[in-house]
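This is the structure, below, for whatever I ask next.
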Amino acid sequence: MTSHGGESPGLANERTALAWQRTALSVVLGAMVVARLTVGRLGAGVGVVALAGLVLGGWVALEGVARYRTRRTHPVAEPAHRGGRVTLLLAGTVVLVGLTELAAILVGPGLD
């Protein structure tokens, strides 16, 4: 039996790995874009946001690779539960990026 529009259910691990990669890339690019757009208003301190996005995006990418490899070698094994640390840090970074942009909007026009 197939799922997801005729795809083999055996591809679930690959689809999940791609989702982790997209999430990692989105976090990094989102943080970099916000940092670039707000540096003129908030100064070089927005580098912290860019660095946080880069570090977290790298961690999400590595976590995705680790989960993919675990599922590939042990398909029935449950992934190790980490108490939601990845999810919490991901949500925290997204909030930090959003607050940075909100602060830049409140400060007003840039120094460009």
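The values are calculated or read from the model by the stated rules, or taken from the named source; none is laboratory data. Since the model is a prediction, treat every value here as computed from it, not as a measurement. FYI the Cβ positions are ideal-geometry reconstructions off the backbone, even for glycines, and counts take in every protein chain you see.
List every residue pair whose Cβ atoms lie under 6 Å apart, where the two residues are 6 or more positions apart in sequence or sit on different chains, the first residue falls within region 52-70 and is of a type in the set (Lys, Arg), and the second residue, located anywhere, is not in a helix (DSSP H, G or I).
Arg67/Pro79
Residues in region 59-112 that are β-branched (Val, Ile, Thr), modelled with pLDDT of 80 or more, over 18 Å from the mean Cα position of the chain (by Cα) and surrounded by fewer than 12 Cβ atoms within 10 Å (Cβ to Cβ): how many?
Residues in region 59-112 being β-branched (Val, Ile, Thr), modelled with pLDDT of 80 or more, over 18 Å from the mean Cα position of the chain (by Cα) and surrounded by fewer than 12 Cβ atoms within 10 Å (Cβ to Cβ): 2 in total.
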